[in-house]
Amino acid sequence: MYAIIHPIEPFDASIGSEIKFTWRGNQIYKVRCIVKNNESGTTVYDHTESTMKQSYTIPANSGLVNGVYYVVYITVLDVNNNESDLQDIGTPFYCFSKPIFNLSISDGEIIQTSAYKVGLNYSQSQGESLDSYSFTLYTYQKTVLSSSGDIYNTSDMSYVVSGLENAKQYYLRATGKTLHGITLDTGFILITVSYTIAQVFNTLELNNKPESGAIEIKSNIVSAIGLSEKDVIYIGDEYADLRDNSVTFNEGFEVKGDFTKIFVFYEPERNKSIISFGDGDRLKVDIYYRKGKYADSNGEKAYFELVANSCGTNYVRNSGYVNIPNSNYQQFALLVNRQGGYYDLEVVLISTVIRYSANADGSNMTEARQPDSQYVGVGYMPKDAYEHENLLLNTEYKIIGSSGTPNYFSIPTELTKVITNNELSLTQTAEATARRQCIQTILRNSSGINIASSAEILIPSSTNLYTQSSYYVRCTDSKGSFTDIAQVMLNTIERDKWVLVKASGVTRLGSEKLGASLAFDMKAVGTIKIRKQKLELGTVSTEYTPAPSDWVSDPNNYTWKPL
């Protein structure tokens, strides 16, 4: 009885490989592996290892040489050292060094077109030929979108991926096999798409017209031209400003049957129809933008209302609530689905941010592309940054201006400040009897709203704080009256370490200002440090994120690529 050796894929002799086999005899206690040079018949490897597995691992640097054809024999030994029969014919295999197999595009690269020609690089030191390969395009969730199928032509190893949508991410992957069966895989290569105008690819239909000696070419492209009320103003080469305008498609575009459409826009006007369509006679559909405080909305929210009038009967559908966008770096993505004459609406906020710069580091970046723009940056704002907006600006304590004063800070002259690594150190330089305050403010004309506050504070043990020193949110009205909420007593904080403090409260005044205030009094010279301050709507403090406008203005949050 002998072991049946499974087929062996070529492997790199400097790495080694596992040889698998099937054995139906007594329990295995040892496995012997014999490797011979196929051409000369010389034994180049003969070792036995103790194992009960139906496999044998040829180690790295076993003496095998890349570029050589070998045959292998396997025997097994039982507990009494009885050895099985040797195979009459050994199982052949090749040793080759690992091939180079990669795409012409790098992981994380930005593609500035809707159709891209990607190349494939292959080489192998011992001249092992590439037999076949294929390209596959995936969604960001790694669902297959398209595939080239197996390609055997190795003279032009390229493939055009088309239909790429602007401001989306995809994965590209190539796989293949060599002539002697080496499996090849580039892995998933992430790409980001950013372009202004899409390239359109269409299959052409050719018809011979023998009676006229001509070739008829059909593309089956229908032209759909939108007519605007006024001249259209474009924003950053990506959006059309339709707030006081509209575009109507009367030809080359029809609404019938089941469909799914996605519309991307920002800053719609409240209670106005932003999308309208119909079939001209029996059906008219309008989609309105609504926002406000509702009984079940947990604060001010936005939603979309679809009103379909079919033969004089109104049908209304609402989307779910969504947070109101902070600014034009957040957009609504509205999905309209019609099936069997019934509609569904879904809306989400998206936060892909694109900026342009003349410099590789993104300095002096602009929202719109300029004549001197040499680089494009793509940033993806973290979900927490816009879902749990930090109302405090410049919480990373960047020094601005010649005076070096941090933006949005009011610091009494009795205190000295030092900013290092996004930490603000405040030092009392002389004994004082009054409370001192460092205040950040943001305009917010509202009362009766839930506010959550958080920060990390470090108080050295040598610092002698005023008994009632605290960290709190101060609400101030137009007359200068104020009330303090969400108070944390600083003397309760453990010393000589960074401590995260959290509190919440409800605004009590018709406030014009909400400020996170640090108030304390040092009986002697001392220092207190603060970082990662956050003020947000709601009752629960969330993990620190910078204000969305701060995030957008930082070029380090973008990946910069040459245009």
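The values are calculated or read from the model by the stated rules, or taken from the named source; none is laboratory data. Keep in mind the model is a prediction, meaning the values are calculated, not measured. Note: ideal-geometry Cβ built from the backbone for every residue, glycine included; neighbour counts use all protein chains shown.
A compact table of results
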{"read-out": "Listing of strands (runs of 3 or more DSSP E) fully contained in the stretch 300-349 that carry 1 or more residues being among the basic types (Lys, Arg) and in contact (Cβ under 8 Å) with a residue 24 or more places away in the chain", "value": "313-318, 331-339"}
{"read-out": "Members of the stretch 465-482 that are touching a residue at least 12 places away in the same chain (Cβ under 8 Å) and over 19 Å from Leu392 (Cβ atoms)", "value": "Leu465, Tyr466, Thr467, Gln468, Ser469, Asp477, Ser478, Ser481"}
{"read-out": "Any hit, the stretch 274-297, residues being basic (Lys, Arg) and assigned to a loop (DSSP other than H, G, I, E, B)", "value": "yes"}
{"read-out": "Residue, nearest to Arg282 (Cα to Cα), within the stretch 320-369, restricted to residues that are surrounded by 13 or more Cβ atoms within 10 Å (Cβ to Cβ) and aromatic (Phe, Trp, Tyr)", "value": "Tyr343"}
{"read-out": "Hey, Ile400 among the β-branched types (Val, Ile, Thr) and modelled with pLDDT under 55 or not", "value": "yes"}
{"read-out": "Lone qualifier among Ser50, Ser114, Ser62, Ser17 - being polar (S, T, N, Q), within 40 Å of the chain's Cα centre (by Cα) and outside the structural domain of Gly187 (by TED's automatic domain parsing)", "value": "Ser17"}
{"read-out": "Filter result (part of a strand (DSSP E or B) and more than 19 Å from Tyr466 (Cβ to Cβ)) within the stretch 487-506", "value": "Leu500, Lys502, Ser504, Gly505, Val506"}
